[in-house]
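Shown next, in structure tokens, is the structure this report addresses.
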Amino acid sequence: MKIAYVCSMKLKFLALLSCVSLIFGCDNELVLTDTYKDIPIVYAILSMPSSEQFIRVEKGFIDETTSALQIANNPDSLYYMNASVSILDSESGIEYPFTMVDGADFNLDRDPGIFATDPNYLYKSDTNFQPETGREYTLQIQRAGIDSLVTSTTVMVGQPTITRPSQFGAASLDFSYTQNTSLRWLGDENSGLYDIAFDINYRERNVTTGEGFENKTVRWFVRSNYDDQTLDLEGIKFFGAMATLLEEDPNVLRKFVDMDMIAAAGGQEVKEYVRIGQANSGLTSSQDIPSFTNISEGRGIFSSRQEANNFNIPITGKTLDSLINGVFTQHLNFTL
């Protein structure tokens with residue numbers, strides 16, 4: 001699970017390779033029992049806080065007459081052009097329709113690869129749909145010309161509570177070359193995995209232009225797919241991250257401002273997806289390739305994520321001194 005702060009967890013389903021495990025079977029000949037089989041491929045993560053929700057619905061299929069690479073590069077082969085997508089609130093009975101849009105219109109471009117990138121069709125909610133913690137939601141997909149309804153159900157995960165550093169008071173973060181920094185948070189019973197990150201806020205001035213200091217932020221991804229609620233982070237990693245995230249420039253002066261901690265919780269389905277994906281990898285793995293899905297009649301995932309923030313966290317004077325003068329970061333020209 002990655003913190004994707006446009007859409008948090010950015011998972012990829014290689015639909016056209018879903019039958020890859022057959023290649024490693026005992027038979028020398030690969031036999032396809034159907035000349036054509038429609039397989040819905042779904043990626044749907046309800047994400048809060050967000051005013052809009054996006055769902056990816058595509059079709060994968062087995063076709064013994066056409067190259068998979070040719071199919072992947074044809075948008076008409078990837079999308080259901082007349083599908084109806086909605087989410088049902090199980091408690092209220094209200095059904096929220098989603099509208100087909102081009103993700104590029106919302107700065108959601110598809111990563112380059114073997115699949116066609118233009119258009120990048122997604123299904124978008126309107127502002128009336130706002131998922132609530134602990135409520136059960138059912139995804140419904142009706143494909144044109146197919147009687148069966150594709151469904152999946154999930155419970156909206158709760159917002160984590162960051163307890164260290166405290167969201168109250170003026171607790172400072174102390175990063176040391178030789179000691180760990182303790183981070184703590186609490187999730188609810190529907191939480192499966194966590195992503196932890198920091199937004200590091202600083203000011204920067206180019207001395208050659210004569211202009212004033214400009215506010216800037218870089219994001220430090222600390223841990224992904226983490227299944228605990230405590231993390232003893234090696235303090236030296238902060239300085240290593242700063243050295244990696246910022247470029248050395250002798251004409252630039254910088255001043256550290258503060259940090260914002262982000263803790264994102266993913267639902268139990270995300271945990272199961274990651275667990276199964278990791279269960280059969282490495283030199284000692286079996287020849288079977290496991291796959292997770294909670295989509296009826298198809299493959300993919302329907303789950304949720306929710307994030308918490310602890311804003312404007314200062315660092316200790318000792319940490320600031322190491323940032324300015326320390327061996328890892330002195331070339332970044334931080335000053336008081």
By residue number, the members of region 102-134 that are acidic (Asp, Glu) and modelled with pLDDT of 85 or more are ASP102, ASP105, ASP126, GLU132
Can you name the residue in region 26-68 that is among the aromatic types (Phe, Trp, Tyr) and at pLDDT below 85 and, of all such residues, is nearest to the chain's Cα centre (by Cα)? PHE61
Close pairs from region 173-190: first surrounded by fewer than 19 Cβ atoms within 10 Å (Cβ to Cβ) and assigned to a loop (DSSP other than H, G, I, E, B), partner modelled with pLDDT under 95 and not hydroxyl-bearing (Ser, Thr, Tyr), Cβ under 9 Å, at least 6 apart: none
Residues that are more than 30 Å from THR178 (Cα to Cα) and hydroxyl-bearing (Ser, Thr, Tyr): find the strands (runs of 3 or more DSSP E) completely inside region 217-336 holding 1 or more of those. 299-313
Residue count for region 70-85, restricted to those that are under 14 Å from GLN140 (Cβ atoms) and either at pLDDT below 85 or surrounded by fewer than 18 Cβ atoms within 10 Å (Cβ to Cβ) (or both): 1
Can ASP199 be described as at pLDDT 95 or above, part of a strand (DSSP E or B), touching a strand residue (DSSP E or B) at 6+ places or on another chain (Cβ under 6 Å) and surrounded by fewer than 16 Cβ atoms within 10 Å (Cβ to Cβ)? no
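The values are calculated or read from the model by the stated rules, or taken from the named source; none is laboratory data. Fair warning: this is a prediction, and the values are worked out from it, not measured in the lab. Don't worry about glycine lacking a Cβ; one is built from the backbone with ideal geometry, like all the others, and counts go over all protein chains shown.
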